[in-house]
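Everything on this sheet refers to the single structure shown next.
The values are calculated or read from the model by the stated rules, or taken from the named source; none is laboratory data. The model shown is predicted, which means the values in this text are computed figures rather than measured ones. Backbone-built Cβ (ideal geometry, glycine too); neighbour counts: all protein chains shown.
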Amino acid sequence: MAKIDYNKAIINFEKQATTRTNFSYDPLSNKSYDVSKIEESKKLYDAYGNGKDPLYVIGVTNNTTEEFNNYTKKAYLDLQNAKKTPLLGQWVSPVSGKRFKDVSYVDGDISEDEAIRLKTLFNQESALKVYSNGEWELI
């Protein structure tokens, strides 16, 4: 699996962030996804989904500092070492109103129960469940 250097990923993320507020960025493909826009949610699913099962976006950091830092760098590198594609994201939680700059990954090969377990393991407020039609929900 190809890897993108963390510092380069942050630079490219920041370029995307000049025109976006809530989004996830894939450094490997250099694409961004704002799931609040149905067409982008579908593109996220098309990029990572299997065509039938829901896709889960699992956050691994709980970073409310609004800056990427050593903690997010470690999470990014850990995901790469686990052969997962890390995503960089920023958003405001619709649940708590908190602002996040986080690292997450996409997994289409797990059940909802497993996504909830991982959400809890990583101390996340919620995980994102994306359907093939682009609809989504927080779980």
Item to check | Selected residue (criterion: surrounded by the most Cβ atoms within 10 Å (Cβ to Cβ)) from residues of segment 24-46 that are touching a helix residue (DSSP H, G or I) at 6+ places or on another chain (Cβ under 7 Å) and over 14 Å from Thr85 (Cα atoms) | outcome: Tyr33
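For segment 75-84, check the following and say yes or no: at least one residue is in contact (Cβ under 8 Å) with a residue 40 or more places away in the chain, acidic (Asp, Glu) and more than 21 Å from Lys15 (Cβ to Cβ). Let's see the steps before the verdict.
In the first step, residues of segment 75-84 are kept if they are in contact (Cβ under 8 Å) with a residue 40 or more places away in the chain; the result is 76-77, 80, 83.
Those still in the list that are acidic (Asp, Glu) too: none.
Taking every residue of segment 75-84 in turn, none turns out to be in contact (Cβ under 8 Å) with a residue 40 or more places away in the chain, acidic (Asp, Glu) and more than 21 Å from Lys15 (Cβ to Cβ).
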Next on the checklist: Could you check segment 69-117 and list, in sequence order, the residues that are within 18 Å of Asn30 (Cα to Cα), in a loop (DSSP other than H, G, I, E, B) and touching a strand residue (DSSP E or B) at 6+ places or on another chain (Cβ under 8 Å)?
Outcome noted: Lys84, Thr85
Next on the checklist: Among the residues in segment 50-65, are any surrounded by fewer than 20 Cβ atoms within 10 Å (Cβ to Cβ), polar (S, T, N, Q) and over 20 Å from Glu125 (Cα atoms)?
Outcome noted: yes
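Determine if segment 1-11 includes at least one residue that is without any contact (Cβ under 8 Å) to a residue 60 or more places away in the chain, surrounded by fewer than 22 Cβ atoms within 10 Å (Cβ to Cβ), assigned to a loop (DSSP other than H, G, I, E, B) and of a type in the set (A, V, I, L, M). Please lay out each step first, then the result.
Pass one, segment 1-11, residues without any contact (Cβ under 8 Å) to a residue 60 or more places away in the chain: 2, 4-5, 7-8, 11.
Next, from what is left, pick out any that are surrounded by fewer than 22 Cβ atoms within 10 Å (Cβ to Cβ): 2, 4-5, 7-8, 11.
With the extra rule that they be assigned to a loop (DSSP other than H, G, I, E, B), the set shrinks to 2, 4-5.
Now drop any that are not of a type in the set (A, V, I, L, M), which leaves 2, 4.
Yes, because at least one residue in segment 1-11 is without any contact (Cβ under 8 Å) to a residue 60 or more places away in the chain, surrounded by fewer than 22 Cβ atoms within 10 Å (Cβ to Cβ), assigned to a loop (DSSP other than H, G, I, E, B) and of a type in the set (A, V, I, L, M).
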Next on the checklist: Would you confirm whether or not segment 15-35 contains a residue that is free of Cβ contacts under 8 Å to residues at least 12 places away in the same chain, in a loop (DSSP other than H, G, I, E, B) and among the β-branched types (Val, Ile, Thr)?
Outcome noted: yes
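To keep it simple, each residue is scored yes or no on (1) under 22 Å from Lys119 (Cα atoms); (2) of a type in the set (A, V, I, L, M).
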site: Phe13; (1), (2): no, no
site: Ala17; (1), (2): no, yes
site: Asn30; (1), (2): no, no
site: Tyr33; (1), (2): yes, no
site: Tyr56; (1), (2): yes, no
site: Leu77; (1), (2): yes, yes
site: Lys83; (1), (2): yes, no
site: Val103; (1), (2): yes, yes
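Can you name the residue in segment 46-79 that is of a type in the set (Lys, Arg) and modelled with pLDDT of 95 or more and is also farthest from Asn7 (Cα to Cα) among such residues?
In this case the residue turns out to be Lys74.
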